[in-house]
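A.B. asks: A single structure is presented below for examination.
The values are calculated or read from the model by the stated rules, or taken from the named source; none is laboratory data. Because the structure is a prediction, the values reported are computed rather than measured. Heads up, the Cβs are rebuilt from the backbone with ideal geometry, glycines too, and the neighbour counts pull from every protein chain shown. Heads up: the accessible areas ignore ligands, DNA and RNA and are worked out on the full protein's heavy atoms, side chains in. Shrake-Rupley method; radii C 1.70, N 1.55, O 1.52, S 1.80 Å.
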Amino acid sequence: MKKNDEGHAARPLPGIRQKMMLFLVIFVCAILAMLWVCQIFLLNDFYRFFKTQSAKRAAETVVSSLDSEDLESTLNQLAVQNGLCIMLLDEQMNTVYSAEGQSFCIIHTVRNRDLRWWCSRAPEDGTARLDQFDMASPPNQNQPGERQRDREREHGSQVLLYVRRITLPGGDSGYLLLNAVISPVDATVSTLKSQLIIITVIVLVGAVLLAFLLSRTFSRPIIETTTNARELSHSRFTRAKHADSYREIHELNDTLEKAAQELSQVEHLQHELIANISHDLRTPLTMIGGYAEIMRDLPGEVTAENMQVIIDETGRLSTLVNELLDFSRMEAGMTALNKQPFSLTDTVRGIVSRCATLMEKDGYIIRFDPEENLTVIADEGRIEQVVYNLVNNALTYTGEDKTVRLIQSVHEGRARLEVRDSGKGIPEEELPLIWNRYYRAKESHKRAVQGSGLGLSIVRTILENHGAPYGVTSKQGEGTCFWFELETE
């Protein structure tokens, strides 16, 4: 069991499978709870609300159809569709139009005195009065619908009465009365409750099973990928068995495979770096130690030539160490750029002059013939380092003519510098790798390599810090061209 910073045992985190099951079950329970609330506990309230709204809409339809020739058919249709009784009365409580859509009706059975009392309570401003009351008074035994009224009253039904002052088709004042019965839904609720109990049990069991299957299906490739990802510490990664189940898992496995390949490559290159540095350090140290011993044991060997050998080999060691330190600082972002305008042409010309002087004794030729003087905005010291590294790389891998060409031009408003050699070129499969740290081309070359394999990585880091475009083109047997571009002043 893992421990926290205080040394106490940390509570294990829930897995993705458990969380998915929990969320799915909670979601289903929430849906069932909402069904119970709406269908059982609030069904009566919903019924009353929609019955009331239905009566109001029917009344508005009647008012808007008062001048219609089909008023009577409209009243009958509304009464049947909505289960209402509708009456239009004049001021003397005489029936103008009437429609019955339910078996029990108050407005068609009460006396004119009661109708007048209800109509007198209608607001004068033309708005409606809506009353709901229980069926408390016993029906008249001589009136029709006696059994139905008794049955409605026994079950606690309520009467909905709508009264409103209107203007009758002839222009006289009158009243609109609507009557509806709101019956209790206890029997319906009891039936729904029995159904919901069965549905709830079935849905819960199904939800648990579905949650288990879905969580297992979704989490299996993730768990497999997580397990296999532990191999990355050893630069290995085995693709998950169900890696292609989903697009995201497929892309994740592709990324981890690529990461494993890159880690393996970096590990291989680091081994090569150790071997290269060991070789590069051993040679100058051996020569420095050997010449120092000779001069110590043989006083006559203390000559300027032997001292120069020691100085040269010490310079090689310093160059190697400085290259490693520079790369480490740039990778860590510890070097700030000092961008200022400077003449790229003069800087390159000075580098070419110095390198040509050192390489003339070995027959190497460096050509640089600019057509114009270009001024760029960059860190001059870092750009010098870039040019030095590219020129040194070109001298290392150039062909039999031992010639390196530097070409300056303007490309899309930027100063472009190309460094070309005449070597055998770089195989196409190696081109994406040459900018990697510690990488060295496998192709043989004429000049002994004295670097660490970090030269092009340093070039890449400097140019990326400048936001400068760069690249390489190469063809087998035709040489290689490295290039970069800088913003002009």
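A.B. asks: Hey, among Pro221, Pro184, Pro144, which residue is modelled with pLDDT under 80 and open to solvent by 60 Å² or more (accessible area, probe 1.4 Å)?
C.D. replies: Pro144
A.B. asks: Of everything in the range 284-310, what is of a type in the set (Ser, Thr, Tyr) and under 25 Å from Val321 (Cβ atoms)? Give them in sequence order.
C.D. replies: Selection gives Thr286, Tyr291.
A.B. asks: Same structure, new question: State which residue pairs qualify: first residue hydroxyl-bearing (Ser, Thr, Tyr) and inside the range 105-120, second residue assigned to a loop (DSSP other than H, G, I, E, B) and open to solvent by less than 50 Å² (accessible area, probe 1.4 Å) in any location, beta carbons under 8 Å apart, and separation of 6 or more residues or different chains.
C.D. replies: Close Cβ pairs (under 8 Å, with a partner that is assigned to a loop (DSSP other than H, G, I, E, B) and open to solvent by less than 50 Å² (accessible area, probe 1.4 Å)) amount to Thr109/Pro139; Thr109/Gly145.
A.B. asks: Is it true that Met287 is at pLDDT 80 or above and more than 20 Å from Ile383 (Cβ to Cβ)?
C.D. replies: no
A.B. asks: Limited to the range 355-399, what total is found for residues that are in contact (Cβ under 8 Å) with a residue 40 or more places away in the chain and either open to solvent by 70 Å² or more (accessible area, probe 1.4 Å) or not in a loop (DSSP other than H, G, I, E, B) (or both)? Lay out the reasoning, then the answer.
C.D. replies: Residues of the range 355-399 in contact (Cβ under 8 Å) with a residue 40 or more places away in the chain: 355, 362, 364, 366, 368, 374-383, 385-387, 389-399.
From what's left, either open to solvent by 70 Å² or more (accessible area, probe 1.4 Å) or not in a loop (DSSP other than H, G, I, E, B) (or both): 355, 362, 366, 368, 375-378, 380-383, 385-387, 389-397.
Number satisfying all stated conditions: 24.
A.B. asks: On to the next question. Return the pair list, or none, for Cβ contacts closer than 9 Å from residues in the range 19-30 that are within 17 Å of Thr200 (Cα to Cα) and surrounded by 13 or more Cβ atoms within 10 Å (Cβ to Cβ) to residues that are at pLDDT 80 or above and of a type in the set (Val, Ile, Thr), at least 6 apart or on different chains.
C.D. replies: Listed by first residue and then by second, the contacts come to Leu24/Val208; Val25/Val208; Val28/Val203; Val28/Val208.
A.B. asks: What residue, among those in the range 200-216 that are surrounded by 15 or more Cβ atoms within 10 Å (Cβ to Cβ) and under 14 Å from Ile31 (Cβ atoms), is nearest to the chain's Cα centre (by Cα)?
C.D. replies: Only one residue tops the list, namely Ala211.
A.B. asks: In addition: Select from the range 450-477 the residues that are in contact with a Lys or Arg (Cβ under 9 Å, 6 or more places away or on another chain), at pLDDT below 90 and open to solvent by 50 Å² or more (accessible area, probe 1.4 Å) and list them in ascending order.
C.D. replies: Gln450, Asn465, Gln476, Gly477
A.B. asks: Something else about it: Go through Val419, Val404 for me and flag whichever is aliphatic (A, V, I, L, M), surrounded by 18 or more Cβ atoms within 10 Å (Cβ to Cβ) and in contact with an Asp or Glu (Cβ under 6 Å, 6 or more places away or on another chain).
C.D. replies: Residue meeting the stated conditions: Val404.
A.B. asks: Is it the case, given these coordinates, that Asn94 is open to solvent by 30 Å² or more (accessible area, probe 1.4 Å), over 30 Å from Val189 (Cβ atoms) and touching a strand residue (DSSP E or B) at 6+ places or on another chain (Cβ under 7 Å)?
C.D. replies: The answer is no for Asn94.
A.B. asks: Output the number of the condition that Ala58 fails; it satisfies all remaining conditions of (1) in contact with a His (Cβ under 9 Å, 6 or more places away or on another chain); (2) over 19 Å from Phe133 (Cα atoms).
C.D. replies: So the condition that Ala58 fails would be (1).
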